[in-house]
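These notes are about the structure you will find just below.
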Amino acid sequence: MIKTAVSILAYHGEEYMPELLESMLRHDVLDEVAVIVIDNAPSKAMAEIAKTWAPKFPHFFYLPQTENTG
């Protein structure tokens, strides 16, 4: 059951996103956490990062936006 949602707003976050997601994997409550990545004006690299990391989290949502919505 999801008890907490972590919302990550990203804009050209390719450099830091893997490290951030890796740090979240260190916790033993992943089945209780929804990870939501909102990507403003995504790049191909960011989409690939999300695709790679999504299977590691039970509740992972990647929401690419067509432009930087702030």
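The values are calculated or read from the model by the stated rules, or taken from the named source; none is laboratory data. All figures in this text were calculated on a predicted structure; none of them were measured in a lab. Here the Cβ positions follow ideal geometry from the backbone for every residue, glycine too, while neighbour counts run over all protein chains shown. Accessible surface areas use protein heavy atoms only, side chains included; no ligands, DNA or RNA. Shrake-Rupley method; radii C 1.70, N 1.55, O 1.52, S 1.80 Å.
On the stretch given as region 31-70, residues that are among the β-branched types (Val, Ile, Thr) and buried (at least 16 other Cβ atoms within 10 Å of the Cβ) total 5. Just checking, does region 41-54 include any residue being within 17 Å of His12 (Cβ to Cβ), among the basic types (Lys, Arg) and at pLDDT below 95? Scanning region 41-54 turns up at least one residue that is within 17 Å of His12 (Cβ to Cβ), among the basic types (Lys, Arg) and at pLDDT below 95. Going by the structure shown, is Asp39 part of a strand (DSSP E or B) and on the phi < 0 side of the Ramachandran plot? In short, yes. For region 18-30, the candidate set comprises residues that are part of a helix (DSSP H, G or I) and aliphatic (A, V, I, L, M); within that set, the residue that is most open to solvent (accessible area, probe 1.4 Å) is Leu20.
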